[in-house]
Amino acid sequence: MEQLQKAIEERGSVLTDGVLKVDQFLNHQVDTNLMINIGKEFVRRFQDCKITRVLTIESSGIAPSFMAANELNVPLVFARKKKSLTMTNDVYISSVYSFTKQETNEITVSKNFLSPDDHVLIIDDFLANGQAALGLADIVKQAGATVVGFGIVIEKSFQCGRAKLEEEGYRVESLARIKSLQNSQIKFLQEEVITK
Ligand code: 5GP
């Protein structure tokens, strides 16, 4: 997706250990026009599928998922990383190790918001080692619902997330695929090299 790739090239920066900082347009400040177009692109890619809910994880997955859910006219549900005080014990729980924070979070979704007849599109901002994605898929499975596939804004293809999801038979659609962040250079799969 050209607009996204341009945003990454012009407004992204490379931190150490293979982490891409995109808080100019996705993780802190949000480029709403870009999010609208990301939502449309996810819907275009999954147009052959029946989708009844979009599921993501707070907080950075919410902006791109909101736009996709709005286009699909279905509810957006986001998994919480901290159990809210108003939440009862009636929740699905999964453990997710965070790549960037290097800590394990119990993620939770209320049982009210997923049911066995749901067809769920899971969306997240990044795919690295696949922990967040697999945790969300685990929650969908606990609900007896169906995972339609994964919509990823930025896939770091040099990490094993895609392979893990495909091993489980899941469809993965990533709008930008990064093959390397070495030497502070952002290299896209089949794309040109940008030095930061
Ligand atoms: P995974 O669970 O696939 O290892 O990592 C995905 C999660 O970690 C995403 O939800 C995202 O929040 C975070 N993450 C992984 N890699 C990066 C990165 O390079 N930059 C940022 N900003 N977040 C990342």
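The numbers here are math on the coordinates, done by the rules we state, and not lab data. As the structure is a prediction and not an experimental result, all values here were calculated from the model. Cβ sites come from the backbone with ideal geometry, for glycine too, and all protein chains shown count toward neighbours.
Of note:
- The range 110-160: trypsin sites (Lys or Arg not before Pro) falling in loop per DSSP and having at most 12 other Cβ within 10 Å: none
- At R0 = 22 Å, FRET efficiency that the Cβ-Cβ distance of residue 33 and residue 171 yields, to 0.05: 0.25
- Helix-derived mean residue ellipticity, 222 nm - over the chain, DSSP H n ≥ 4, -39500 (n - 2.57), to 500: -8500 deg cm²/dmol
- Anchor residue 187: aspartates and glutamates whose Cα lies under 17 Å away (excluding residues fewer than 8 positions away in-chain): 2, 9, 10, 17, 155
- Structural descriptor for the chain: relative contact order 19 percent, calculated from alpha carbon pairs under 8 angstrom and at least 6 residues apart.
- As a ratio to 2.2 N^0.38 Å, the alpha-carbon radius of gyration for the range 22-87 is 1.18.
- The alpha-carbon atoms of the chain, seen along their principal axes, cover 48, 36, 33 angstrom, with the largest extent given first.
- Its Cα gyration tensor gives the range 36-146 an equivalent ellipsoid; the semi-axes, largest first and in whole Å, are 21, 17, 12.
- Pairwise FRET efficiency - residue 184 versus residue 112, Cβ, R0 = 41 Å, nearest 0.05: 0.35
- Rounded to the nearest 20 debye, dipole of the range 2-195 from Cβ charges on Lys, Arg, Asp, Glu: 200 debye
- Contour minus Cα-Cα distance for residue 95 and residue 6 (0.36 nm per residue): 28.6 nm
- One decimal place: the segment residue 70-residue 50 gains 5.7 nm when fully extended, by the rule 0.36 nm per residue minus the C-alpha distance.
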